[in-house]
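Any read-out appearing in this document is the output of simple, stated calculations on the displayed coordinates, not a laboratory observation. These numbers come from a predicted model, not from an experiment. Because the Cβ atoms are built from the backbone with ideal geometry, glycine has one as well, and the counts that use them run over all protein chains shown.
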Amino acid sequence: MAFEGLSDRLQETIKKIKGKGKVTEQDVKEMTREVRLALLEADVNFKVVKDFVKRIRERAVGQEVMESLTPGQQIIKVVQEELTELMGGNESKIAVAKRPPTVIMMVGLQGAGKTTTTGKLANLLRKSYNRNPMLVAADVYRPAAIQQLETLGKQLGMPVHAEGTEADPVNIARNAVAKAKEEHHDYVLIDTAGRLHIDGDLMGELQQIKDAVNPDEIFLVVDSMTGQDAVNVAESFDEQLDVSGVLLTKLDGDTRGGAALSIKAVTGKPIKFAGMGEKLDQLEVFHPERMASRILG
Ligand code: GDP
C-alpha cells in the first residue's frame, strides 16, 4: 500500500498522544520529534519537514489545542490538517479550454510512466468526464514509444496521431491539434520525448512544442518511488516550462511518500493525479485530504 512505512510510524506516534486528557509541552516536543524523524525517514525534503514540524508545534501548544477538552484529539486534527495542506489542500481541477480542443502536454523523464499515464489519463477523461480524447505520439526518438502509444490507443479504442520517427515533433504536435479540431476531439494529449536525464536539447524541444501549441495544461509525470530525485526533477522542469501540475506515478509501490509530501511545498505546483498500478484504469484524482486520512489511519 502507498505510504505504508510512513503511515505506521505516524500512527504509532499519534497513538501515544491520542487519549491524553492533558497534554504538556514536553509531550508535544516528543511527538513533534517523532513526526520529524518519520518524515525524514520517508525522504521528505529537509526544509519542508522543518517548516511542517514548526507549524505543528506552534499550533499544538496554542490555545486551540491546550484549552480544549480533548487535546490529544485536537493535535491529531492539527497534524491531519497540516498534512492535507502540505499535499496541496484542495484537489485541483483539470483545465477545459474555452474553445476545444483542450491541449495537454505530457512531459517527464524516460521510465517515469509518461506514456502509460497518457493512456490512463485519456481513459479517465472519457470515463469520468465524458470526454473524447485524441492521443499524439510526439516522442520520435524511441520507435518503441510510438508503438506503445498506438497499442494503448487500440486497447482504449481511441485514435493516435503519429507521423513516424522522421517527422519533427513540433510539426506533429501542431498537425495533431488541427486534426483534433476537425474531427471534434475535445482533448488532445501529447506524449513528448523523455530522456534519462534532463538536458538542454530536451528542454529546448519541449519549449518549442509549448510555443507551437500553447497547451492548456503541462503535466509533469514523475515516479513517486524516486523520492527527492522526483522533487528535483519537478523543480527543473518547472523552472524551464512552468508546468501546471504533477502526475505522480507508482504510488502503489511507494512505502515512503517523500515525493508526494514535498512536491507542492517545493515547487508550488499541485499533484493532480496519482498512478496506483500498471493497468489503464489505475489513475486516480489526487485528493490531499483523503491521502492525509489514509496516512494517519
Ligand atoms: P515512460 O518511459 O515515462 O513513457 O514510461 P512508461 O509509460 O513506459 O512506464 C514505465 C513502466 O512503469 C511501465 O512498466 C509501466 O507499466 C510502469 N508504470 C507506470 N505507471 C505506473 C503506476 O502507477 N504503478 C506501477 N506499479 N507501475 C507503473
Requested in this report: Run the dipole for region 1-136 about the Cα centre, Lys and Arg Cβ at +1, Asp and Glu Cβ at -1, nothing else charged, and hand back the magnitude in debye, nearest 20.
Outcome: 660 debye
Report task. Could you pull out every residue, at least 5 positions away or on a different chain, whose amide H is within less than 5 Å of the one on A42? Hs are placed 1.01 Å off N in the peptide plane, and Pro or chain starts have none. Result -> none
Report summary line: Counting as exposed only GluC sites (Glu not before Pro) in DSSP loop states with no more than 16 other Cβ atoms inside 10 Å, the longest exposed-site-free span of the chain is 68-165
Query - Ellipsoid equivalent to the chain - semi-axes via the Cα gyration tensor, in Å - result: 41, 18, 16
Report summary line: The farthest towards the positive end of the charge dipole of the chain, of the residues P288, N175, Q80, given +1 on Cβ of Lys and Arg and -1 on Cβ of Asp and Glu, is Q80
Report summary line: Taking placed amide H atoms and a strict 5 Å upper bound, the residues 5 or more places from R131 or on another chain that come that close are R126
Report summary line: The alpha-carbon center of region 71-87 and that of region 163-191 are separated, in whole Å, by 45 Å
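So for the chain: antiparallel DSSP bridges make up what percent, rounded to the nearest 5? Walk me through the numbers before you get to the answer.
Working: 3 of 28 bridges.
Approximately 10 percent, going by the DSSP bridge assignments.
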Query raised in the report: What residues have an amide H closer than 5 Å to that of I271, excluding those fewer than 5 places away on the same chain, when H is modeled at 1.01 Å from N in the peptide plane?
Result: V246
Requested in this report: Among D186, D211, D191, rank each residue by its count of other Cβ atoms within 10 Å, from fewest to most, as a rough exposure measure.
Outcome: D211, D186, D191
